[in-house]
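The values are calculated or read from the model by the stated rules, or taken from the named source; none is laboratory data. What you see is a predicted model; the values in this text were computed from it and never measured. All Cβ positions, even for glycine, are placed from backbone atoms using ideal geometry, and neighbour counts span all protein chains on display. In case anyone asks, the SASA skips ligands and DNA or RNA and just uses the protein heavy atoms, side chains included. Shrake-Rupley method; radii C 1.70, N 1.55, O 1.52, S 1.80 Å.
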Amino acid sequence: MIAYAPHHEAQRMLTIPLTLTNHAAEPASYRVIVTVTVTAGDAAGVTDSAVVSSDGPLPPTATMSAEADFQSLGAVPSSGLDVRIAQVEKE
């Protein structure tokens, strides 16, 4: 799991691009919880989470691009954020 730099979409939604990779020897589905905490400005301390799931089972060594979207954080700058992969579940 790799998270990239947050950015804003046209709809004022904060988006964090992600890459999911299956390192298992068998196909697997993944569910990931991404948490963002605002660390600067008027909204400092505000936290939100998003769930991202793989599109079905990923074959071994397969990689999938995904995005975690945060509608509630659309008005905050894309800097001054603490982005964390809070949980990864293999299903």
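Rounded to the nearest whole Hz, the Karplus-based 3J(HN,Hα) values (6.51 cos²θ - 1.76 cosθ + 1.60, θ = phi - 60°) of the range 64-69 follow the sequence 9, 8, 8, 9, 9, 10, with x at glycine and proline. Over all other residues within a Cβ to Cβ distance under 15 Å of residue 51, the charged ones net out to -3, with Lys and Arg as +1 and Asp and Glu as -1. Taken about its Cα centre, the chain carries a charge dipole of roughly 100 debye when the Cβ of each Lys and Arg holds +1 and the Cβ of each Asp and Glu holds -1. Under the criterion of Cα pairs below 8 Å and six or more residues apart, the relative contact order for the chain equals 39 percent. Computed over protein heavy atoms with a 1.4 Å probe, the carbon and sulfur contribution to the accessible area of the chain reaches 51%.
Within the shell defined by Cβ-Cβ distances under 15 Å, the residues around residue 71 carry a net charge of -3, with Lys and Arg each +1 and Asp and Glu each -1.
For the chain, the solvent-accessible area with a 1.4 angstrom probe is 56 square angstrom per residue. Here the chain is treated as a sphere whose radius is the Kirkwood value from Cα pairs; by Stokes-Einstein at 37 °C and 0.692 mPa s it diffuses with a coefficient of 240 µm²/s.
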